[in-house]
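Undergrad: Have a look at the structure that comes next, please.
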Amino acid sequence: MRADLRAFLLFCGAWLVLSLAAMGAETDAAKPGAKPEAPLAYISVAGAPGDGEQALAAALGKRLSAAGVKTATSLAANVYSVEGIVKVTAVKAGRQSVRIDWTIFGPDGNTLGGVSQTRIVRKGSLDKKWGPTADAAARAAASEIAKLISP
């Protein structure tokens, strides 16, 4: 009788452990009404004078975060890539044209789209600090970039 009781208790314990494990395996994403995990984006910028590369990447990361897209510190299998290319060219009367082309790539490497911006600024005004200019550029581009990234 003792052996039967022991076997029954072991069976009940194992059943309880398996049941609890199965309940814990259910993810929040599978629950109705649960929010999907925020997409991740790695932001890189090239070609900007002064501190533009860092300032633009930081400003865009802040704006995308507010739009529900988290910033990744490196590329990985589930990370989108946002690449900014800055081109500065001289125009008349002490002015420069600044063009930023943002290209968005999916985690699989396919191009999802792009956003382009062009502004005329005073010559040399971006040679050191971008400051509010970086934030203005990020603000103007972030919503369109977020639309391309968000499912």
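Undergrad: Let me make sure I get this right: for the range 38-149, a, b and c are the square roots of the gyration tensor eigenvalues over alpha carbons, sorted descending. Under 1.5 in a/c it's rounded, otherwise prolate if a/b > b/c, else oblate. Which is it?
TA: prolate
Undergrad: Taking square-rooted eigenvalues a ≥ b ≥ c of the alpha carbon gyration tensor, is the range 80-127 rounded, prolate or oblate, where a/c under 1.5 means rounded and, failing that, a/b exceeding b/c means prolate?
TA: Prolate, since a/c reaches 1.5 and a/b exceeds b/c.
Undergrad: Once the other residues with Cβ under 12 Å from the Cβ of T71 are scored (Lys, Arg +1; Asp, Glu -1), what is the net sum?
TA: Net charge in that neighbourhood comes out at +3.
Undergrad: Classify the range 93-151: rounded, prolate or oblate, from the alpha-carbon gyration tensor (a ≥ b ≥ c, eigenvalue square roots; a/c under 1.5 rounded; otherwise prolate if a/b is larger than b/c)?
TA: Prolate, because a/c is 1.5 or more and a/b exceeds b/c.
Undergrad: For the pairs K87/K128; K62/K87; K123/K147, flag any whose C-alpha to C-alpha distance is greater than 26 Å.
TA: Flagged as over cut-off: K123/K147.
Undergrad: Going by how many other Cβ atoms sit within 10 Å of their own, how do E53, E37 line up, fewest first?
TA: In order of increasing Cβ crowding within 10 Å: E37, E53.
Undergrad: So, one more: Could you give me the ³J(HN,Hα) list for the range 94-110, computed from phi with Karplus coefficients 6.51, -1.76, 1.60 and θ = phi - 60°, whole Hz, x at Gly and Pro?
TA: x, 10, 10, 9, 10, 10, 10, 10, 9, 10, 10, 10, x, x, 7, x, 6
Where a number appears in this text, it was derived from the coordinates with a stated rule and is not lab data. Here the structure is a predicted model, which is why all the values come from computation and not from measurement. Ideal geometry is used to build each Cβ from the backbone, glycine not excepted, and the neighbour counts take in all protein chains shown.
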